[in-house]
Amino acid sequence: MRILILNYRDITHPLAGGAEVHLHKIFGKLAEWGHSVMLFTTSYEQASKEETVDGIQIVRHGGDLLFPLNCILKVPGLIKKFKPDVIVEDLNKLPLFSPIVTKTPKLIQIHHLWKSSIFREASFPVAFGVWLGEKIIPFVYRNCNFAAVSPSAKNELYELGIDKDKISVIYNGTENEFLETEKIRDKSLYFLWLGRFRKYKGVWVAFKAFRIFAKKHPDVKLLFAGSGPEEAKMRERAKKWGLEDRVEFCGTVSGQTKIELYSKALCLLQTSYKEGWGLTVIEAAAAGTATVASNVSGLCDSVIDNKTGLLFKAGKAADCAKKMEEIYSNADLRKSLEGEARSHAASFSWEKSAMETLFLMQDILGITNRVQGSG
């Protein structure tokens, strides 16, 4: 099968996030199985115009702002050259309007809809554009098939006006190296927050919750792993609140460092106002660590409340601090959550996600003889 993907970023982009990890893991696996995969995406400073990463041929052009227009202008030429059997649009920012560009069969991947939460993150003109773009989705994409990453994401699409029968749920996978982590019996005294430091990610909710928690527990720390536009303000606030010795900024981490941070944490804090699924939740679970998470779409799917973690009222720092207290003060509860979380994480794999994506694309193309390899 020949697959052309449209997405704002690729895995090498400095601002790549969960959507790019999801895309790369699934389609890298399909490339490994012998399928031809091309990704059309934006460029960034010092990036090559074209390169191949893990079997995925990456073609870069322009930046975020003009990417929808560049798709309209450049994709027809790519189709003529690459001759894809199917086009995959990763709809995680503004729609790229691929149904208008070409009649080639399509699969639309979606992680979550922003809805009104975008106004928390972006300036009003930008937020309004994203909000309006989502309202257009049912009209432009009404005949397309969708792959959502969680039941919550599927329900959001249905509420928006997409036919439920056209929406499949294909969960994220997790890495074997996380699952192979030896379970830490004695946890270190810190909570972990990992991700992009952005308002909609709820980074300030975690910070305020820790401020409440820290008043009773001077020996516990909060580690922030990642980077983002809120970092300078966060560092200033740590000093203002007298927490500069209790809050550590680890920078962007990956590989073995990430595994160690996950596995030794008392729990992961996932405080987003909006998630499609919660990739970090399953990564932490695979490493033997439970999560305290916002009770919002996506996270209410990846965290099974009172079984693999604890959910708190979104945006409520006091409630988050209460759940942190439960994790800290009740070792039996924490160990039970950790065991269930680890078992839950073992049910997900990128190979399974890739296989289900492949089968869905074959269904779209009317291929009844399902095969894993090239075809």
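Show me the ranking of peptides 15-23, 326-334 by mean Cβ neighbours inside 10 Å, starting with the highest. Walk me through the intermediate numbers first.
Values: 15-23: 19.7, 326-334: 14.7.
So the peptides 15-23, 326-334, ranked by packing, come out 15-23, 326-334.
Gain in length, Glu50 to Thr257, computed as 0.36 nm per residue apart minus the alpha-carbon separation, to one decimal in nm?
Result for the pair: 71.5 nm of gain on full extension.
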**Request:** Report, in degrees rounded to the nearest 10, the 0 to 90 angle that the Cα long axis of helix 151-160 makes with the longest principal axis of the chain.
**Result:** 60 degrees
**Request:** Using only the alpha carbons of the range 25-66, determine the length spanned along each of the three principal axes and report them from longest to shortest in whole angstroms.
**Result:** 33, 18, 14
**Prompt:** Using alpha-carbon pairs under 8 Å, 6+ residues apart, how would you state the relative contact order of the range 32-149 in percent?
**Reply:** 19 percent
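Could you work out how much longer the chain between Lys166 and Asp245 gets when fully extended? Use 0.36 nm per residue separation minus the Cα distance between them, nm to one decimal. The partial results should precede the final answer.
Numbers: separation 79, 0.36 × 79 = 28.44 nm, distance 5.15 nm.
Full-extension gain reported as 23.3 nm.
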**Prompt:** Of Lys164/Lys316; Lys115/Lys166; Lys74/Lys274, which sit over 27 Å apart, Cα to Cα?
**Reply:** Lys164/Lys316; Lys74/Lys274
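Note the full-extension length gain between Ser123 and Ala318 as 0.36 nm times their separation in residues minus their Cα-Cα distance, in nm to one decimal.
Numbers: separation 195, 0.36 × 195 = 70.20 nm, distance 2.76 nm.
Between Ser123 and Ala318, full extension yields 67.4 nm more.
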**Message:** Rounded to the nearest angstrom and ordered from largest down, what semi-axes does the equivalent ellipsoid of the range 176-345 get from its C-alpha gyration tensor (root of 5λ)?
**Reply:** 22, 17, 16
**Asked** Too long at a 30 Å Cα-Cα cut-off: which of Lys199/Lys352; Lys239/Lys313; Lys49/Lys154; Lys233/Lys264; Lys233/Lys335?
**Response** Lys199/Lys352; Lys49/Lys154; Lys233/Lys335
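Please report, to one decimal in angstroms, the Kirkwood hydrodynamic radius of the chain built from all distinct Cα-Cα pairs. Numbers along the way, then the final one.
Working: mean 1/r = 0.0467 Å⁻¹.
It is 21.4 Å.
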**Prompt:** Over the chain, what is the relative contact order in whole percent, taking alpha-carbon pairs under 8 Å and six or more residues apart?
**Reply:** 16 percent
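Let me check against my output: what whole-number percent is the relative contact order of the range 176-345, with C-alpha pairs under 8 Å and at least 6 apart?
It comes to 26 percent, rounded to a whole number.
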**Complete:** Here, Arg142 and Lys80, labelled 7 Å along Cα→Cβ, have an inter-label distance in nm of 3.1 nm
**Request:** Report, in debye and to the nearest 20, how large the dipole of the chain comes out about its Cα centre when Lys and Arg carry +1 and Asp and Glu carry -1 on their Cβ.
**Result:** 940 debye
**Request:** State, to one decimal in nm, how far the label point of Thr104 lies from the label point of Glu236, with both points 7 Å from Cα in the Cβ direction.
**Result:** 4.7 nm
**Fill in**
The alpha-carbon pair-distance distribution computed for the range 298-375, with 10 angstrom bins and whole-percent values, is 16, 31, 20, 17, 13, 3
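No lab work stands behind these numbers, since they all come straight from the coordinates. Just so it is clear, the model here is predicted, and its values are computed rather than measured. All Cβ positions, even for glycine, are placed from backbone atoms using ideal geometry, and neighbour counts span all protein chains on display.
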